[in-house]
Amino acid sequence: GDSVTQMEGPVTLSEEAFLTINCTYTATGYPSLFWYVQYPGEGLQLLLKATKADDKGSNKGFEATYRKETTSFHLEKGSVQVSDSAVYFCALSTHGGATNKLIFGTGTLLAVQP
Amino acid sequence: KAGVTQTPRYLIKTRGQQVTLSCSPISGHRSVSWYQQTPGQGLQFLFEYFSETQRNKGNFPGRFSGRQFSNSRSEMNVSTLELGDSALYLCASTGQGDTGELFFGEGSRLTVL
């Protein structure tokens, strides 16, 4: 079945360091891909998305490119801040307009130290 | 515009009891989904409702059920609670045409003793 695999955490970085969180997927058809972020004590919120191959999603300095050939959607940020500390979830949706079901990865905890 | 509202935020139940959780979606959103979040299993899809109809269901036992009302508000019910049902239950709503762009509430944290 469809699945998402993302790197284990926690990832601990110093402020202004470069961030990469790896995400790969397995899916039939052509999924849409997402990164969601969960700050402490809050629900999830959409960070960025890409709906077709070679699309790049970007938001708040974060970027991810939909790579069909490697089935990947790695999250990157050039310079992290303490306020970026959160859990990041990679997710996919394969059913188009028929459903809003998302399949999530296990989440990666990011801790940014000043 | 107000976000997704879930009630109650926290609750404690004992094994064998049942619980009902409520979710009010963003105004105008007709799709409501429920997810269970646990440290061991991560985020798992429970079910999705659209215009009062369940259109997708995850792999959970029949003790987990839900419904949606004509005003798009949704409830989920868990009967005969087990210790393993302790989790954060997240509700999300979606506007038409924004497939995958879910707006989540803060969740209802259920503890089963």
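Here are the numbers:
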| quantity | calculated |
| --- | --- |
| Condition broken by A:Thr24, with the remaining ones in (1) in a loop (DSSP other than H, G, I, E, B); (2) more than 14 Å from every other protein chain (Cβ to nearest Cβ) satisfied | (1) |
| Residue in region A:34-54 that is touching a His at 6+ places or on another chain (Cβ under 9 Å) and of a type outside the set (S, T, N, Q) present | no |
| Output for region A:29-53, where each listed residue is closer than 19 Å to B:Gln6 by Cα, under 15 Å from the mean Cα position of the chain (by Cα), more than 8 Å from chain B (Cβ to nearest Cβ) and free of Cβ contacts under 8 Å to residues at least 60 places away in the same chain | A:Val37, A:Tyr39 |
| Meets criteria (touching a residue at least 40 places away in the same chain (Cβ under 8 Å), hydrophobic (A, V, I, L, M, F, W, C), closer than 21 Å to A:Val37 by Cβ and in contact with a Gly (Cβ under 6 Å, 6 or more places away or on another chain)) for B:Leu43 | no |
| Elements of type strands (runs of 3 or more DSSP E) contained in region B:23-113, each with 3 or more residues being closer than 22 Å to A:Phe104 by Cα, open to solvent by less than 10 Å² (accessible area, probe 1.4 Å) and of a type in the set (Gly, Ala, Ser) | B:87-94 |
| Residues satisfying the stated conditions in region A:62-114, i.e. within 14 Å of chain B (Cβ to nearest Cβ), touching a Lys or Arg at 6+ places or on another chain (Cβ under 7 Å) and without any contact (Cβ under 8 Å) to a residue 24 or more places away in the chain | A:His95, A:Thr99 |
| Search result, residues across region A:1-53 that are farther than 27 Å from B:Gly95 by Cβ, small (Gly, Ala, Ser) and modelled with pLDDT under 90 | A:Gly1, A:Gly9 |
| Of all residues in region A:47-57 being among the hydrophobic types (A, V, I, L, M, F, W, C) and under 18 Å from A:Val87 (Cα atoms), the one that is surrounded by the most Cβ atoms within 10 Å (Cβ to Cβ) | A:Leu47 |
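The values are calculated or read from the model by the stated rules, or taken from the named source; none is laboratory data. Just so it is clear, the structure is predicted and the values come from calculations on it, not from any experiment. Every residue, glycine as well, gets a Cβ built from its backbone with ideal geometry; the counts of neighbours run over all protein chains shown. All accessible areas refer to the heavy atoms of the entire protein, side chains included, with ligands and DNA or RNA removed. Shrake-Rupley method; radii C 1.70, N 1.55, O 1.52, S 1.80 Å.
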